[in-house]
1. Given (1) within 30 Å of residue 4 (Cβ to Cβ); (2) among the charged types (D, E, K, R); (3) out of contact with any Pro (no Cβ under 9 Å at 6 or more places or on another chain), where does residue 46 come up short, assuming only one miss?
2. Limited to the stretch 12-28, what total is found for residues that are among the small types (Gly, Ala, Ser), under 14 Å from residue 39 (Cα atoms) and surrounded by 11 or more Cβ atoms within 10 Å (Cβ to Cβ)?
3. Out of all the residues in the stretch 45-68, is one or more surrounded by 11 or more Cβ atoms within 10 Å (Cβ to Cβ), acidic (Asp, Glu), modelled with pLDDT of 95 or more and at negative phi?
4. Take residue 88 and decide whether it is exposed (fewer than 10 other Cβ atoms within 10 Å of the Cβ), at positive phi and small (Gly, Ala, Ser).
5. Given the options 73, 36, 116, name the one that is within 26 Å of residue 5 (Cα to Cα) and either exposed (fewer than 10 other Cβ atoms within 10 Å of the Cβ) or modelled with pLDDT of 95 or more (or both).
6. Give just the number: which of (1) touching a Pro at 6+ places or on another chain (Cβ under 6 Å); (2) on the phi > 0 side of the Ramachandran plot does residue 102 not satisfy?
Amino acid sequence: MNTPKSNEDRLNRLTNAWETLAADKSFGGMTLAEFKTAVSPSITTRQTLATLDDQRTQAANARDDADRISMSKADMVVAGVVGDPNFGPDSSLYEAMGYTRKSERKSGLTRGGGDKPPTGGTPPTP
């Protein structure tokens, strides 16, 4: 099966062998220079892809660095809303920012159901 990686390996192996062992010979109606010219689009495209991969990595890292600063600023804004006497943690603004208003939070109190059989596992055999 021809994959881009196996194609690249084959072109490199073929070119290296030809350069090393028979640089002055013609094969398939081509000299080594003609062959290199013919396969240069494959090599150039691979170099372009490698450059784009590096640029994407750099851009992703720059985004992550910028996000760290942005999230810190966002946390300061939310803290400002919570601390503002005209808004606070029970305001519509706080809710519109994606948080749950204080008055709408559940208490967190849970009561265990002592009469319920445990869930999970396999039931015992009689």
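1. Checking residue 46 against (1) within 30 Å of residue 4 (Cβ to Cβ); (2) among the charged types (D, E, K, R); (3) out of contact with any Pro (no Cβ under 9 Å at 6 or more places or on another chain), the one that fails is (3).
2. 0
3. yes
4. Here the answer is no, as residue 88 does not meet what is asked.
5. From the options 73, 36, 116, the qualifying one is 36.
6. Of the numbered conditions (1) touching a Pro at 6+ places or on another chain (Cβ under 6 Å); (2) on the phi > 0 side of the Ramachandran plot, the odd one out for residue 102 is (2).
The values are calculated or read from the model by the stated rules, or taken from the named source; none is laboratory data. These figures come from a predicted structure and were not determined experimentally. Cβ: placed from backbone, ideal geometry, glycine included. Neighbour counts: every protein chain shown.
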